[in-house]
Amino acid sequence: MSAPTAVRPPRSRSVPTDRPSGRSVTRGQATAGYVLSSLYVLLFVAFAFLPAVYAVYLAFVRPGGGFAGIGNFITVATDFRYVATFKNLGVYALVFLVPTLVISIGLALLLHGRRTGVASTFRVLYYLPHSVIGVAAVLLWLFLLTPRVSPIGGLLESLGMEQFYDVVRPGNPASLAVLFAIIAVWTSGQGILLMFAALSSVPQEVEEAASIDGANAWQMVWHIKLPLLRKWVAYLLITSVAASTQLFAEPQLMSAVTNGAVGTNFSPLQLAYTFAYQYGNFPASAALSIQLLLLGLGGAVLVVKKTGMFRVEV
Amino acid sequence: MLGIGAALALAACVPGQGEGTEDPATETASQAEGPAELVIWTDPNRQVGFEMYQDENPEVDLQIETLPDDIESRLQLANQAGEGWPDMIVVKTQQMAAFADAPYEFSADISPYVPEDLLGEFSPAILDLCTDGDALYCINNDLSPLVLWYDKDLMEEFGYELPTTWEEFEALGLQLAEEHPGYIMGHIATMQYLPVSRCPMAQVVGDMSLQVDLEDPNCTRVFEMIDNMLAAGALSPMSPNDPEFIADYAANRHLLMSVQPLHRGQYGFINAYEWPEGSVGIAPPLRWEDEDEVHNYYGGGVAYAVSRHSEHLEAAAELAAWMATGPYQTAPETPTFPAYRPAQDNWIENHTDMFYVEDGELGDVVEASESQLSPYWDELNVGSIRSSYAQAVEPGLRQGESIFDLVPAWQELIVNEAQAAGWTVEEG
């Protein structure tokens, strides 16, 4: 529910204090801005905001109608799978977030400062895995992880894994969560691009000044580039937290290919799906979805507070 | 978030999910006049049948939608929206009874529109899945009763005799493992052995009330057989469709015999395992030694259900009866074994050259398997109960654990899943 699109990237360039030259926005530019953003806003309201409002309403209605109080939240929280799904999500989010940030920032730093041709070639290479996402990515991974057909089958078998079940270990939720996280990290190309773009906006003068002062490459990274990246890291973190609460397609597909050995209630979103479509209990499903929305929002608020993301630097 | 959950859990009241379902809307929609326009949700297999009907009956306008496997969620969405139901759907075994009840409340009683003598022509017991007292909530298209498949050439080479009881099946398995290591008696088909043994895995004993008792002797005798045969290496813990199973046992003819449904003869043994026609032996289902009769079970099978929201109930019910009993059942495009008995001869004729029968004819074996059906297991549409075995037991078996060690966790999972779906559960 908490779509990453809900959070816009910080438009630091539009903060007047960034550009003291004092270029003011003309009336024509303002109109163009409204027109260009209106389509997005319309779609956002229709397909993200209004459904979220409806979910909030549903969450407090009894399945048969009438005000439910927190009844639906109790139904969900007392479900025997509730705690387990959030545990799975926790492991997944942790294993997904940390490498995503490290890889995005690290590779972007390595690319930054390379010759343009080299940098753009590698940018494309890093982004390539992102072109195979969601269900397609999982299918690709299933192929990779089936020893008999995998191109790395020899490696898997030398590690003692002869069957798909030895690799996937459906009885072990933690190892599954790590597997899903690895599949997700593989697609962190977008983060690399974002960070690279952010680094490119670091004013040339600042870098020059630092190198004149005798800063070496490491000092440049630690004291100049990383602090200037802070807002962008915050943005990446917010969208990644929100994205990780939406874990659904990977475990759902894994359940199908293991004939149910991986249950259909691995993640909270799957449990919400079960409530709606197996029990016909849409209010309980909404109650669970709202908790995921709050999780994403809470993460965003925390990040914004800690990093001062919207603070205007004077 | 977990903190909130724990705090909420402290509040004692736990509303059941069955709430708001006390009022099953059994009333049907008001009927429309004029030529019928019917919206059909079908699986890809049955699509050709509806097209045949359309060709024969141009006065009826069929809107055929071929859906992926998501009929349940679409019905729930239609229920939530209060509109958008189809007039007819193709339902799977576990949906036949379930779609008449909450939370779906979809299937209409079509008994007024279907002649009673027509219903008398169906395989016994298979129609039970569609009936509730006098009400008829669907009409069965096909069934796939369990039979004993075997490798005729291998049986002759080894000089073994076909088992007729589960005890003989186990004894032969142990003998096979000792005399011919590497050869097996099939996969561990627990979910098919158990209903044949009438084990109360999840037995409906009342309104939204279940009995779950995996310690019942009817269950433990199956577990003992599995453990003995597994320890000897006479059964494989893999699934019969696993590429590994096919490579290690099936395609290289190391599979002496296997309890599998009727449709697997063509689609499994001949198409997937690539055994030559005539080498695939078929024998009647097994019984337990101390019992006189076979309580056979089935795998798969679909039926046609009509919507209680349909404005053309009669036309839809006619179409359902036509699909189940009309020329579609004997058409070459029809891949399944008909539930409608007069159409079964055609299937038997088409498959006679394919399979080898030791005594008598294919028709005898088929009749023995379909006439002794006794669907002891109620088909629940609690998907997670059906898949609980795959979740709680199968991975452990693949790691070489004893099934007895896995059963307690399995029972716990069944009970939890059933309660979460609003059922009361009796254990033991």
Using only the alpha-carbon atoms, what does the range B:249-376 span along each of its principal axes? Please give whole angstrom values in decreasing order. 55, 37, 27
Distribution output for chain B: share of Cα-Cα pairs per 10 Å bin in percent, first bin at 0, values 4, 20, 28, 25, 16, 6, 1, 0
In square angstrom, rounded to the nearest 10, how much accessible surface does B:His263 have for a 1.4 Å probe? 80 Å²
Shielding by other protein chains, A:165-171, mean Cβ within 10 Å: 4
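Can you tell me the relative contact order of the range B:141-282? Whole percent, Cα pairs under 8 Å, sequence separation 6 or more.
Over the range B:141-282, the number comes to 39 percent.
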Distance in Å, no decimals, from the C-alpha centre of the range A:204-270 to the one of the range A:185-199 is 8 Å
Where does the range A:123-190 land on the Kirkwood hydrodynamic radius, alpha-carbon pairs, in angstrom? 12.8 Å
From DSSP H assignment alone, runs of 4+ in chain B each adding -39500 (n - 2.57), the sum over residues rounded to the nearest 500 puts [θ] at 222 nm at -9500 deg cm²/dmol
Ratio of alpha-carbon Rg to the 2.2 N^0.38 Å globular estimate for the range B:22-170, to two decimals, please. 1.40
Counting pairs of alpha carbon atoms under 8 Å apart in space and at least six apart in sequence, what relative contact order in percent does the range A:161-266 give? 28 percent
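So how do A:Tyr273, A:Tyr54 rank on accessible area, 1.4 Å probe, biggest first, that is with the largest at the start?
So, going from the largest accessible area down, we get A:Tyr54, A:Tyr273.
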Show log10 I(q)/I(0) for the range A:37-162 at q = 0.17 Å⁻¹, two decimals, from a solvent-free Debye sum over equal Cα scatterers. -1.16
Heavy-atom accessible area of B:Arg253, protein chains in place, probe 1.4 angstrom, given in Å² to nearest 10, is 60 Å²
In chain B, whole DSSP H helices that both stretch 24 Å or further along their axis by alpha carbon positions and average at least 0.5 on the Kyte-Doolittle scale are B:403-420
Can you list the equivalent-ellipsoid semi-axes of the range A:201-289, largest first and in whole Å, using the square root of 5 times each Cα gyration tensor eigenvalue? 49, 15, 7
Could you work out the pair-distance distribution P(r) of the range B:157-206 from its alpha-carbon pairs, with 5 angstrom bin width and percents rounded to whole numbers? 5, 16, 22, 21, 12, 9, 7, 4, 3, 1, 0
Roughly how crowded by other chains is peptide B:239-245, in terms of the mean Cβ count from those chains within 10 Å of each of its Cβ atoms? 3
Using a 1.4 Å probe on the protein heavy atoms only, what accessible surface does A:Ser188 show? Give it in Å² to the nearest 10. 10 Å²
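Averaged per residue, what accessible area in Å² does the range B:163-240 show with a 1.4 Å probe, protein chains only?
On the way: 2620 Å² over 78 residues.
For the range B:163-240, the per-residue accessible area is 34 Å².
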For a test of understanding, tell me how many lysine pairs in the protein assembly as shown have Cα atoms under 24 Å apart, given they are 8 or more places apart or on different chains. 4
Binning every alpha carbon pair distance of the range B:232-322 at 5 Å from zero, what are the percents per bin? 2, 10, 16, 15, 13, 10, 9, 8, 8, 6, 2, 0, 0
Out of the total accessible area of the protein assembly as shown (probe 1.4 Å, heavy atoms of protein only), what percent is carbon and sulfur? 57 percent
Fraction of alpha-carbon pairs in the range B:24-66 farther than 11 Å apart, rounded to whole percent, equals 70 percent
Could you give me D for the range B:134-186, from Stokes-Einstein at 25 °C and 0.890 mPa s, where the hydrodynamic radius is the Kirkwood radius over C-alpha pairs? Units µm² s⁻¹, please. 179 µm²/s
Over the protein assembly as shown, what portion of Cα pair distances is larger than 47 Å, expressed as a whole percent? 31 percent
From the C-alpha coordinates alone, can you work out the Kirkwood hydrodynamic radius of the range B:127-279, in Å? 17.2 Å
Please quote Rg/Rh for the range A:33-72 to two decimal places, taking the Kirkwood radius as Rh and restricting both calculations to Cα atoms. 1.28
If you average 1/r over all unlike Cα pairs in chain A and invert the result, what Kirkwood radius do you get in angstrom? 22.4 Å
Looking only at other chains, what is the average number of their beta-carbon atoms within 10 angstrom of each beta-carbon in B:387-397? 5
Among the DSSP beta bridges whose two residues both lie in the protein assembly as shown, what percent are antiparallel, rounded to the nearest 5? 60 percent
Ranked by how many other beta carbons lie within 10 Å on average, peptides A:247-253, A:278-284, A:57-63, A:156-162 from highest: A:278-284, A:247-253, A:57-63, A:156-162
How many square angstrom of accessible surface are buried between A and B, both sides summed, with a 1.4 Å probe and rounding to 100? 3200 Å²
Cα-derived Rg to Rh of the range B:45-126, Kirkwood definition: 0.98
Rank these by accessible area, largest first, 1.4 Å probe: B:Thr220, A:Thr245. B:Thr220, A:Thr245
Sum of -39500 (n - 2.57) over DSSP H runs of 4+, divided by residues of chain A (222 nm, nearest 500): -20000 deg cm²/dmol
Given a 1.4 angstrom probe, what's the average accessible area per residue across the range A:56-212, in square angstrom? 50 Å²
Let me check something: with ligands and nucleic acids excluded, how do B:Ile282, B:Ile270 order by accessible area (1.4 Å probe), largest to smallest? B:Ile270, B:Ile282
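The values are calculated or read from the model by the stated rules, or taken from the named source; none is laboratory data. From a predicted model like this one, the values you see are computed outputs, not experimental measurements. Virtual Cβ from ideal backbone geometry, glycine too; neighbours counted across all protein chains shown. To get the accessible areas, we keep the full protein, side chains included, count just its heavy atoms, and leave off ligands, DNA and RNA. Shrake-Rupley method; radii C 1.70, N 1.55, O 1.52, S 1.80 Å.
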